[in-house]
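For reference, the structure is listed below as structure tokens.
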Amino acid sequence: MHEELAGIGKSIVLTGELSGDEDLTVEGRVEGTIDLHDHVLTVGPNGHIKAQVIARAIVVLGQMTGKLIATEKVDIRESGSVQGDIVSPRVAIADGAYFRGTIDMQKTDPSTTADRTIGGVTAEPKTPMAEKVKPEPSSVNGEFVRV
Amino acid sequence: MERRTVTAVSAETVYASKTLASFLSLLFARPAAEVVDLGPVIGSNVTFIGDRVDCKIHVEDLYADIDRHLRQGTLDQLSEFLSGRFPLPDASIDAVLGWDIFDYLAPPAASALAGELVRILRPGGALLGFFGPRACDDPRYTKYFIEDDSHLRSRSYPSACGQRWVLQNRDISIMFAGLELCDSVLLKSGVREILFRKSILS
């Protein structure tokens with residue numbers, strides 16, 4: 001049986017809250033929030049999104065600005081451009097894609113992370129890094145330079 | 001330094017990096033590291049680091065900032081810009097991938113950036129930087145791809161920046177006052193790979 005995919009066409013401009021229980025492809029413009037929770041958002045090559053997005057997976061071939069929260073994966077393809085913050089346990093960025101912002105890949109429950117991130121609350125304090133690594137002498141590379 | 005392979009395709013070079021291994025071992029020892037990458041986004045680096053440690057990576061691409069200032073004719077404002085470039089709290093970052101960004105900054109801008117990086121590094125945090133041996137006007141930047149724990153692949157790409165600066169070891173030492181020299185390697189190419197750490201006691 002053929003299942004039709006939900007889509008927002010090139011000429012559509014949508015502002016506000018968008019939510020759904022199925023996968024969605026955006027080729028038009030969306031500003032606001034998108035909540036697909038357990039589904040996949042695909043931003044097509046013509047898509048422009050300026051929003052906070054929550055989905056299971058987010059695939060970007062077009063342009064996105066904002067916060068991307070995916071419980072499974074964010075995938076920015078070669079033609080994709082993202083400016084903003086990503087929260088996802090897995091992030092793939094193709095060679096040639098544009099990204100500027102932060103990528104949070106901490107493997108905690110993403111919904112918890114999402115809530116924390118959306119609220120703008122900073123992460124819990126961390127302890128300093130492990131003990132100092134001593135430099136090993138190298139005779140292969142040339143010489144050590146002590147500054 | 002042992003050169004593993006040299007390929008003519010896109011003038012890419014793979015080479016061993018001792019400081020990278022030390023840097024990554026420090027980074028991977030952190031359960032929830034925050035990393036600042038001063039270069040353009042490299043998807044494979046993000047995947048490499050993300051697969052090994054829970055982390056948050058700030059992709060800053062200062063090379064694009066330099067190009068933008070060049071195009072706008074505002075290079076004289078770069079120092080001031082870099083002084084406020086990182087809206088991050090003091091001592092909030094575990095590691096900085098500086099690559100060779102300092103080669104493209106005039107001394108005042110380089111000092112301003114170094115000061116900011118020292119500020120945001122948390123005690124025990126690490127900073128990796130590459131410092132070129134000679135001034136030149138090669139209008140290209142370099143992308144560094146992490147191949148594995150101890151090898152990098154470099155690929156040049158066009159830039160608007162036409163000038164490279166040379167920092168002497170003494171200047172580097174002064175710029176990064178507040179950090180300890182952890183490891184320093186002089187490559188056959190003359191490039192100095194330097195790994196700094198912020199003292200745990202600071």
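Every number here is computed from the coordinates shown, using simple stated rules; none is lab data. As the structure is a prediction and not an experimental result, all values here were calculated from the model. Please note: Cβ atoms are built from the backbone with ideal geometry, for glycine as well, and neighbour counts cover all protein chains shown.
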Inset, instruction - Kindly put B:Arg134, B:Arg68, A:Arg77 in sequence by how many other C-beta atoms sit within 10 Å of each C-beta, fewest to most. - result: B:Arg134, B:Arg68, A:Arg77
Inset, instruction - Let me know the charge dipole size of the range A:1-96 about its Cα centre in debye, to the nearest 20, where only the beta-carbon of Lys, Arg (+1) and Asp, Glu (-1) is charged. - result: 360 debye
Legend entry - Hydrodynamic radius by Kirkwood, which averages 1/r over all alpha carbon pairs of chain B, in angstrom: 17.1 Å
Legend entry - For the range B:99-114, Karplus couplings with θ = phi - 60° (6.51, -1.76, 1.60), whole Hz, Gly/Pro x: 6, 10, 4, 5, 5, 9, 10, 5, x, x, 5, 4, 5, 4, 5, 4
Inset, instruction - Pop out the ³J(HN,Hα) list for the range B:58-73 in order, Karplus 6.51 cos²θ - 1.76 cosθ + 1.60 with θ = phi - 60°, rounded to Hz; leave Gly and Pro as x. - result: 9, 8, 9, 6, 5, 4, 5, 5, 4, 4, 5, 5, 4, 5, 8, x
Inset, instruction - Post the alpha-carbon centroid distance, the range B:17-48 to the range B:71-102, in whole angstrom. - result: 18 Å
Legend entry - Computed over the range B:121-202: relative contact order in percent, which uses C-alpha pairs under 8 Å that are six or more apart: 42 percent
Legend entry - Mean separation of Cα contacts under 8 Å, 6 or more apart, over the residue count of chain B: relative contact order %: 25 percent
Inset, instruction - Could you list which residues have their amide H under 5 Å from that of B:His58, counting only those 5 or more apart in sequence or on another chain, with H placed in the peptide plane? - result: A:Ile103, B:Val35, B:Val36, B:Asp37
Inset, instruction - Name the long-range amide H neighbours of A:Thr25: under 5 Å, sequence gap of 5 or more, or other chain; modelled H, no Pro or chain starts. - result: A:Ala6, A:Gly7, A:Ile8, A:Thr42
Inset, instruction - Rank these for me by crowding, B:Tyr157, B:Tyr141, going from fewest to most other beta carbons within 10 Å. - result: B:Tyr157, B:Tyr141
Legend entry - More than 20 angstrom apart: percent of Cα pairs within the range A:1-107: 29 percent
Legend entry - Residue exposure sequence - A:Lys50, A:Lys67, B:Lys198, B:Lys56 - by fewest surrounding Cβ within 10 Å: A:Lys50, A:Lys67, B:Lys56, B:Lys198
Legend entry - Derived scalar couplings ³J(HN,Hα) [the range A:28-41; Karplus, 6.51 cos²θ - 1.76 cosθ + 1.60; whole Hz; x for Gly, Pro]: x, 10, 9, 10, x, 10, 10, 10, 10, 6, 9, 10, 9, 9
Legend entry - Interchain or long-range residues, amide H under 5 Å from A:Thr65's placed H: A:Ile49, A:Lys50, A:Ala51, A:Gln83
Legend entry - Average beta carbon contacts from partner chains per residue of B:26-32, 10 Å cutoff: 4
